[in-house]
Every structure is written in structure tokens, then in C-alpha cells.
1. In whole Å, what are the Cα extents of the range A:5-225 along the three principal axes, biggest one first?
2. Rank A:L184, B:L215 by accessible area, highest first, at a 1.4 Å probe radius?
3. Can you classify chain B as rounded, prolate or oblate using the Cα gyration tensor, where a ≥ b ≥ c are the square roots of its eigenvalues, rounded means a/c under 1.5, and otherwise it's prolate if a/b beats b/c and oblate if not?
4. Given the rule -39500 (n - 2.57) for each run of at least 4 DSSP H residues, summed and divided by the residues of the protein assembly as shown, what is its mean residue ellipticity at 222 nm, to the nearest 500 deg cm²/dmol?
5. Suppose accessible area is computed on protein heavy atoms with a 1.4 Å probe; arrange B:Y130, B:Y239, B:Y82 from highest to lowest.
6. Roughly what would the spin-label model give for A:A90 and B:D235, points 7 Å off Cα along C-beta, in nm?
7. Skip the ligands, DNA and RNA, and give the accessible area per residue of the range B:11-55 with a 1.4 Å probe, whole Å².
8. Take each uninterrupted DSSP H stretch in chain B, measure its Cα extent along the helix axis, and return the ones at 27 Å or beyond whose mean Kyte-Doolittle hydropathy is at least -1.0.
Amino acid sequence: MVNENVTVVIGADRGIGRAIFDGLRNAVSDDGTSDVVVGLGDEIDFADPSAVAASFAEIATRGTINRVVFCFIDESAFTPAPIIEMDEAAWDAAGERSLRAALITFQEVHRNIADGGRVVLVLPTVGAVGVADLVPLCSAVEGVRVMAKAVARRWGARSITVNTIEVELSAFILGDEPVGDRVLPAVATLGASALPAGSATQDVVGLIDMLSTDAGGALTGALLVADRGTVMQP
Amino acid sequence: MTKLLDGRVILVTGAAAGVGRGVAVAMAEAGAIVGIGVRRPENAVDVADEVAAAGGTPVLLRCDVTDGAQSAAAIAELMATYGRLDALVHNAVSNRSSEPTDFENASLELWEEHASVTVRATWRLAVQAYPHLKASRGALLLMTSPAGIEGSAPLPFYSAVKASQRGFVRALAREWGPDGIRVNSVAPLAISPALENLQATDPERVKRIESLVPLGRLGDPRTDIGPPSVFLCSDEARYVTGQTLVVSGGRFTSL
């Protein structure tokens, strides 16, 4: 078992993280490769260094960690609220906690990932466009995204790549789940997507696969916006 | 002749030195009443003198931005004395902001030093200033950094917290636009106390940094970073919100 390649999906219990976890796991069984896909979700407090360290230590016994997909944003960040109505605890939960979780997780990834490994963050596009009543979420997303860029520069000497894929907020929250009765935060965008609608999960899993190829090894610190041409950042 | 900020009341945090001091003096040159927010007012009398000499009205305020009571009191003092707040410039950063950080082994305590000043205080100051900025249809200006855009390898914590300010600006500009409050940021490349120390200890390294700047030098806080900051706090920028203005002598062109 220790010779197996392991992919770890952080934030695998819901939304896009869950969908990516399922997609990568299915891909393993479809093509007959022996990669192990491990999901870390609500059972872990990602803002607790000892809990994250213990989880990675356990995963490392299953094989070589050569790919990590980070999709974690604290759930409280998705509840819209004006900042003037927040107390410090609410601000922390909706914004700063996700930043700490990213920091702690990246530190543990560095200790456990193999040289040449691939780290992919999946985040919502809200940080790029800004959304009223989601200020802590937008702050956290931009902070995490640029933290990853700094990490990409630091880990390049080990040939570890760190890239970010951004998807629309609804896709991030829902993944492959139907919206049902859930009320999603309103996001002002630059308009409709240029391309016809499709599965954000398939789009993202395809990009993760691309980033995992030899050719993908030339990309690091990059931002890939998988929103079918909605934001089109300048 | 009317100046851009005549009679406007502006609080600048972290105004004891570096960019904050330069911006405070530039605001004074533009005619503002300048709240000089510092942790130790007794050590910033020279800043007040410089603000006065530049034509502004200095108000020295004790304002450790990690202490919500202090920042609230600083704003309250300006309101009690002048009855208005037209802009808040949050420039303060952790004392350790320019220290290279061993990201992979750094402690949460160090992260907290950065986050408390740059992330949490940004939120808290904005909330405390909100009713006054709404009344004046004023401006919130955050001094971020090119590091928060490029992702600096030696300054990963600083990069992350400064980037969070850009997300904050974009979102809050949309949230407060209907109230007439503009929210912007400036990403300066300028001479800082840390760079002044470096100039004394390793002048060749400073020369190498300067060689990367198309305009051939590091920015002066007062004359290079100050005027764009004045602009963003003035009525001349009445239709500008949600933006980051990179003021770096052309050092960063791909951000």
C-alpha cells in the first residue's frame, strides 16, 4: 500500500469539494490506475494544527501524497450579512478562520507532499469581483489565493506546483447538488457566461487532471477561471 | 486658492513613520485636518509639527488599531472636535511586516500579529467609521501592497493579509456604494523605515531594488505616494471605487 499515489481533497464533505472528491475517485476506478483519493471534511477542524497534522500523518501511511486539492472555506462565510452587523466572532468565523485554515493546511501539505507534487486550490470567483454582504468571504478568498502564490514561489525549488482554479459561487457551494430550497447569495457579475452552461465539476476535474500532467508541471502560481467566460478578468 | 481637501477631516492610522507619515503630510498640504493615529502620541510630536508646517491641522491620537476601544476613541475625538469624518486611511501594519517569514514553520502567533492589524482592524475601523463616512459621503482608503498582488516568497503572511484587503475593498465598495461611500486601496512601493535601515546596512541591495524600478528610484512617501492618496480621498475621485491603484514607479506592471 505504501507505494500507492495519494490525492487528498480538503473540504470534501460538501459543494465543489465533495463533487471533486467523487469525480477524482470515479476517475481512478474508470481508468484502472491505483491512486488513492482521500477526502478530509467536517470531521477535521482545519484551524487546529494538531488535528490537521494527525490527519496527514494517517494519510501518509497509505502511500505517497503527490496531489492535494484544497477547497475549504468555512461555511459561515456564505451567509450574507453587512459588515456593520457583525461582531468580532462573526467576522472571524466568516473571514479569518478560512485564512488560518489555509495557512495550517499548507504547512502540513509542505511536510507531507512529495517533491514534484501538485497543489490545486479551488475557490469562488467572488474575490475577484467583490460581492456586497459577503465582505469576509471576499477578503478570505483573496488572502488565500495570494498566500498560494507566495507558496508557489517558495515550493518551486521542489518542483511542487501550486495553482488556483476559480468557479462561480453557486458552483462552489453546490457542486453537483441541485439548488433545491437553498437560497444562494446574490452575486453581481459582468453578465451571462460566454459559453453554454455545463458541469462546473467536470470543468474543474478536467483542469485538475491537466495540471497533474507533465505539461501542467510548467504552470505554477496561476489562476484559471473556470466559469465559462463570465468574469473574464482584465 | 481652494485646496483639494480644505476643511476635510481625515484619520490616518500608522502615521508615525514611513508611508503613513508621508500620506498624513500630503493630506495636510491639501488642506485637511489630519488625525494622526499612532500607538504612542508622545513620540509623534514631530509628525504633528510636520503636518502643521505643511498647512494642515494636526490632531495627535492614540490609536493602536488592534485595540478597538482606542480606535473608537480616536474617531470619537475627531467627531467631538470637528463634527465630521471625511476619510479614513488605514495604513498601520504589524511591526514585523517586513521581516522575512519562514512560512512552513511560522507560528499562529506570528500570523495573529499580521492579521490583527491588517485583517481584523480593517474590518473594525470600517465599522467604526461607517456612520460618519455615510454622513459625509466620504472615503475609506486602505494602504495595501504590491506583495498582496504578486505573492511575495519572503513575505507570505504579509502578502496574504494585504491581498485580503483587496478582496475587502472590492466587496465593500459594492456594499457601501449605495451609501455614497467610496472604498479604494493604494499599493505603494516606497521608502520605509525598514528600507532606510537596509540602506544603512546593505546599500547595494537597495540599489538592486531600485534598478528594478523603471523610474529608477523608490517612491517618496510624501511626494510620490501622498498625492495619489489625496486624490482618492478627494472629490476628484468621486466616481472611483473598488479599485487598487498601484503606485510603484512602474515596478509592477503585470498586476
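The values are calculated or read from the model by the stated rules, or taken from the named source; none is laboratory data. Model, not experiment: these values are computed from the prediction. Glycine gets a Cβ as well: all are built from the backbone with ideal geometry, and neighbour counts include every protein chain shown. Accessible surface is based on the protein model in full, side chains and every heavy atom, while ligands, DNA and RNA are left aside. Shrake-Rupley method; radii C 1.70, N 1.55, O 1.52, S 1.80 Å.
1. Each principal axis gives a Cα extent; for the range A:5-225 these are 47, 41, 31 Å.
2. On the way: A:L184 50, B:L215 125 Å².
Order by accessible area, largest first: B:L215, A:L184.
3. Working: a/c = 1.44, a/b = 1.32, b/c = 1.09.
Because its axes are fairly even, with a/c under 1.5, chain B counts as rounded.
4. Values: 18 runs with 203 residues, N = 489.
Taking each H run of at least 4 residues, the total per residue is -12500 deg cm²/dmol.
5. Working: B:Y130 30, B:Y239 215, B:Y82 80 Å².
Final ranking, largest accessible area leading: B:Y239, B:Y82, B:Y130.
6. 3.6 nm
7. Working: 1350 Å² over 45 residues.
Here the per-residue accessible area is 30 Å².
8. Details: long enough: B:156-176 (29 Å, -0.25).
Both cut-offs are met by B:156-176.
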